[in-house]
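Q: Quick one: the structure is below, and I'll ask about it shortly.
The values are calculated or read from the model by the stated rules, or taken from the named source; none is laboratory data. Nothing here was measured: the structure is a model prediction, and the numbers come from that model. For neighbour counting, all protein chains shown are included, and Cβ atoms are generated from backbone atoms with ideal geometry for every residue, glycine included.
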Amino acid sequence: MPDRIATTVEGRSLTLTHLDKVWWPQTGYTKGQALDYYARLAPVLLPHVAGRPATFIRYPHGVDGGGRFYNKNVPAGAPDWVRTIEVIGRDENRRHVDVDSLPTLMWVANLSAIELHVPQWGADPDGHDRLVLDLDPGPGAGLPECRRVALLARDLLAADGLTCVVKTSGSKGLHLYAALEPTPEAAVGAYAKALAVRLEREHPELVVHRMAKNLRTNHVFVDWSQNASAKTTAAPYTLRAQPEPTVSTPVSWAEIESDADLVFGPAQVLERVERDGDGFAPLLAAETTGRLP
């Protein structure tokens, strides 16, 4: 295969490079396969990232090749049709890519941006429209424990009128989301922390709300701090740089309640979306948008 292929995506000119380069040596999964995955998943991925300042984790030599780095500012050489979002920070201002179209997604992925992360807000860093809980198992714990915590958290959120959806992290844990009307960062963070503290108080054998490593053995860390405006979380449907290609995959509550396998590769996710559609669609529906108590 040629090292450089000129193509047109929705009227935008792109040059894709090194498509036969192996990004996952353990399985032989290539850059070209990853770009194909993103192109085919774009209809369900883009609505969850468009309008949000994106951060990429780039792996120019693949997942085992070293040289990984985070990319927050717009990369040099960005085409003039790539939309951007300026983020005004306390110490510095940044201009991020807005991954709002298939051409932009393909351009980003071609830069070896295997992982795509976004914050829980769009235009306004103090107007969060999503609440997220990152369930991260410590040593001795795993997905079974995360499943238990996810169900407990779902019930507490439901009692407060919040509709919760869940996805795999693509690594060891689970991510729970609820759609909100725009809400100040401090209020969302305080609510999420209080929920994590309550889970720990009621289930001390299972949950911790602090990150300290000495507390996490046999427990699930409920990371409420992901609701800070400065933080980002792996986007729905993003590939993850694990030893084998995995995907941060929306799953049903029936799957959480069962003992079904919750590790999904790109081909499996494509099949799931073709069969079931977007499992995170409730986040986009006005009728599921809640208000913190």
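Q: Looking at the stretch 263-282, which of its residues are touching a Ser or Thr at 6+ places or on another chain (Cβ under 8 Å) and either in the same structural domain as R40 (by TED's automatic domain parsing) or closer than 20 Å to A178 by Cβ (or both)?
A: Of everything in the stretch 263-282, those that are touching a Ser or Thr at 6+ places or on another chain (Cβ under 8 Å) and either in the same structural domain as R40 (by TED's automatic domain parsing) or closer than 20 Å to A178 by Cβ (or both) turn out to be G279, P282.
Q: Related question: Quick check on my filter: what residues within the stretch 79-99 are part of a loop (DSSP other than H, G, I, E, B), farther than 13 Å from A39 by Cα and in contact (Cβ under 8 Å) with a residue 40 or more places away in the chain? Give the derivation first.
A: Start the filter on the stretch 79-99 by keeping residues that are part of a loop (DSSP other than H, G, I, E, B), which leaves 79-83, 89-92, 99.
Retained after the next criterion (residues that are farther than 13 Å from A39 by Cα): 79-83, 89-92.
The answer is P79, W81, G89.
Q: When you go through V49, V97 one by one, which is the residue that is within 21 Å of S171 (Cβ to Cβ) and modelled with pLDDT of 95 or more?
A: Details: V97 fails: within 21 Å of S171 (Cβ to Cβ).
Answer to the selection: V49.
Q: Can D64 be described as out of contact with any Cys (no Cβ under 6 Å at 6 or more places or on another chain), in the same structural domain as S112 (by TED's automatic domain parsing) and within 17 Å of N110 (Cβ to Cβ)? Show your work before the answer.
A: Working: out of contact with any Cys (no Cβ under 6 Å at 6 or more places or on another chain): yes; in the same structural domain as S112 (by TED's automatic domain parsing): yes; within 17 Å of N110 (Cβ to Cβ): no.
Considered against the rule, which asks whether it is out of contact with any Cys (no Cβ under 6 Å at 6 or more places or on another chain), in the same structural domain as S112 (by TED's automatic domain parsing) and within 17 Å of N110 (Cβ to Cβ), D64 comes out as no.
Q: Would you pick out the residues in the stretch 244-269 that are surrounded by 17 or more Cβ atoms within 10 Å (Cβ to Cβ) and either part of a helix (DSSP H, G or I) or not aliphatic (A, V, I, L, M) (or both)?
A: Taking the stretch 244-269 as the starting set, the residues that turn out to be surrounded by 17 or more Cβ atoms within 10 Å (Cβ to Cβ) are 245-251, 255-256, 262, 264-266, 269.
Listed by number, the residues that qualify are P245, T246, S248, T249, P250, E255, I256, F264, G265, P266, V269.
Q: Regarding E200, is this residue acidic (D, E), over 20 Å from W121 (Cα atoms), at pLDDT 95 or above and outside any loop (DSSP other than H, G, I, E, B)?
A: So E200 passes the test.
Q: Only one of these conditions is not met by K193: (1) in a helix (DSSP H, G or I); (2) within 29 Å of L105 (Cα to Cα); (3) basic (K, R). Which number is it?
A: (2)
Q: Within the stretch 169-178, does at least one residue satisfy the condition of being of a type outside the set (F, W, Y) and farther than 29 Å from V263 by Cα?
A: Within the stretch 169-178, the first condition is being of a type outside the set (F, W, Y), and the residues that meet it are 169-176, 178.
Filter once more, so that each one left must be farther than 29 Å from V263 by Cα: none.
No, there is no match, as no residue in the stretch 169-178 is of a type outside the set (F, W, Y) and farther than 29 Å from V263 by Cα.
Q: Which one of the conditions (1) farther than 16 Å from R291 by Cα; (2) assigned by TED's automatic domain parsing to the domain that holds D278; (3) not in a loop (DSSP other than H, G, I, E, B) does I114 fail to meet, given that it meets all the rest?
A: (2)
Q: Six or more apart or on different chains, Cβ atoms under 7 Å: show the pairs whose first residue is in the stretch 210-223 and surrounded by fewer than 18 Cβ atoms within 10 Å (Cβ to Cβ) and whose second is small (G, A, S) and in a loop (DSSP other than H, G, I, E, B).
A: Qualifying pairs under 7 Å: T217/G138; T217/G140; N218/G138; N218/G140; N218/A141.
Q: Show the residue pairs meeting these rules: Cβ distance below 9 Å; 6+ apart or different chains; first residue within the stretch 24-51 and part of a strand (DSSP E or B); second residue among the basic types (K, R).
A: Filtered contacts from the stretch 24-51: T30/K21.
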